[in-house]
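Enquirer: Mind looking over this structure? Questions follow.
The values are calculated or read from the model by the stated rules, or taken from the named source; none is laboratory data. Values in this document were obtained by computation on a predicted structure and should not be read as measured data. Cβ placement follows ideal geometry from the backbone for every residue including glycine, while neighbour counts extend to all protein chains displayed. SASA here: full protein model, heavy atoms, side chains in, ligands and nucleic acids out. Shrake-Rupley method; radii C 1.70, N 1.55, O 1.52, S 1.80 Å.
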Amino acid sequence: CVSDGPSGCHYWSQPNDCTAISLVRGTRSGVASCQCAEHSGGDYFADPLNGADTSAIFPTGISSPPSCRFGTLGKALSQATAGSRVVATRTSIPATFNAETFPLVVPAGVPLTPSDSLPTPGDYVIGFNSSAPAGVMLGSSSTIEGFTILNENGNATAAALVVTGAGATVDTVTLEGT
């Protein structure tokens, strides 16, 4: 039974089939509706085109459906802990992450990597466009691989990449811009 709002009239409505659109039924919005499944596993997915950090379906960083991916690397990194990965993915190249809040902090023990089996930095671009003192900060034993970090009118004196802990790995990363 659904209320039409102002008049207070109620009518019967067929419930949405959430599984038909790869979602689950939940109440995060306060009422029963379709939403992303709870996150499980070690990977958090970020997709600048199909993902979102907030929406009516409550993205959780799972891979499928694409609308349940996070829209920014920063959101995925904020959820990741040692032993999990943040995986950048896309449906078309290049995937440009330019709606980030900087610096991007890669937590200790977390790899930041693309979904491709062969990392190609030109396919995944982090567009640094902030006055922050750094683009990406790597914690102890963290990794960044397969990205281009591009200064897009960000702080000209900022470091593109800062290692703040021991044992961090930088692999197949291109730095561009001034």
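Enquirer: Tell me, please, whether a residue that is modelled with pLDDT of 95 or more and on the phi > 0 side of the Ramachandran plot can be found in region 111-127.
Expert: No: region 111-127 contains no residue that is modelled with pLDDT of 95 or more and on the phi > 0 side of the Ramachandran plot.
Enquirer: So, one more: I'd like the full set of residues that are part of a loop (DSSP other than H, G, I, E, B) and closer than 19 Å to Tyr124 by Cα, limited to region 35-53.
Expert: Across region 35-53, the qualifying residues are Asp47, Pro48, Leu49, Asn50, Gly51, Ala52, Asp53.
Enquirer: How many residues does region 16-34 hold that are touching a residue at least 40 places away in the same chain (Cβ under 8 Å), part of a loop (DSSP other than H, G, I, E, B) and open to solvent by 30 Å² or more (accessible area, probe 1.4 Å)?
Expert: Residues in region 16-34 being touching a residue at least 40 places away in the same chain (Cβ under 8 Å), part of a loop (DSSP other than H, G, I, E, B) and open to solvent by 30 Å² or more (accessible area, probe 1.4 Å): 1 in total.
Enquirer: Taking region 90-110, which residues are over 20 Å from Ala159 (Cβ atoms), surrounded by 20 or more Cβ atoms within 10 Å (Cβ to Cβ) and of a type outside the set (Lys, Arg)?
Expert: Hit for region 90-110 is Ala95, nothing else.
Enquirer: Return the pairs, sorted by first residue and then second, in which the second residue is among the aromatic types (Phe, Trp, Tyr) and surrounded by 19 or more Cβ atoms within 10 Å (Cβ to Cβ), the first residue lies in region 38-55 and is closer than 16 Å to Thr81 by Cα, the beta carbons are less than 6 Å apart, and the residues are 6+ apart or on different chains.
Expert: Ala46/Phe70
Enquirer: Among (1) assigned to a strand (DSSP E or B); (2) in contact with a helix residue (DSSP H, G or I) (Cβ under 8 Å, 6 or more places away or on another chain), where does Glu145 come up short?
Expert: (2)
Enquirer: Kindly provide the set of residues from region 54-89 that are aromatic (Phe, Trp, Tyr) and either surrounded by fewer than 17 Cβ atoms within 10 Å (Cβ to Cβ) or outside any loop (DSSP other than H, G, I, E, B) (or both), ordered by number.
Expert: Of everything in region 54-89, just one residue is aromatic (Phe, Trp, Tyr) and either surrounded by fewer than 17 Cβ atoms within 10 Å (Cβ to Cβ) or outside any loop (DSSP other than H, G, I, E, B) (or both), namely Phe70.
Enquirer: Being part of a strand (DSSP E or B), at pLDDT 95 or above and not acidic (Asp, Glu): is that true of Thr96 here?
Expert: yes
Enquirer: Let me ask something else about it. Given the conditions (1) crowded, with 20+ Cβ neighbours inside 10 Å; (2) on the phi > 0 side of the Ramachandran plot; (3) among the hydroxyl-bearing types (Ser, Thr, Tyr), and given that Ser141 satisfies all but one, which numbered condition is not satisfied?
Expert: (1)
Enquirer: Of the residues that make up region 69-90, is at least one among the β-branched types (Val, Ile, Thr), under 21 Å from Leu150 (Cα atoms) and more than 10 Å from the chain's Cα centre (by Cα)?
Expert: Within region 69-90 (the criterion being among the β-branched types (Val, Ile, Thr), under 21 Å from Leu150 (Cα atoms) and more than 10 Å from the chain's Cα centre (by Cα)), the answer is no, since none of the residues qualifies.
Enquirer: Something else about it: Would it be correct to say that Ser131 is surrounded by fewer than 21 Cβ atoms within 10 Å (Cβ to Cβ) and over 22 Å from Ala46 (Cα atoms)?
Expert: Yes: the conditions hold for Ser131.
Enquirer: Next question, about the same structure. May I ask you to verify whether Pro48 is closer than 29 Å to Thr178 by Cα and touching a Gly at 6+ places or on another chain (Cβ under 8 Å)?
Expert: Criteria met by Pro48.
Enquirer: Further question on the same structure: What is the number of the single condition among (1) open to solvent by less than 30 Å² (accessible area, probe 1.4 Å); (2) within 17 Å of Leu73 (Cβ to Cβ) that Gly165 does not meet?
Expert: Against the list (1) open to solvent by less than 30 Å² (accessible area, probe 1.4 Å); (2) within 17 Å of Leu73 (Cβ to Cβ), Gly165 comes up short only on (2).
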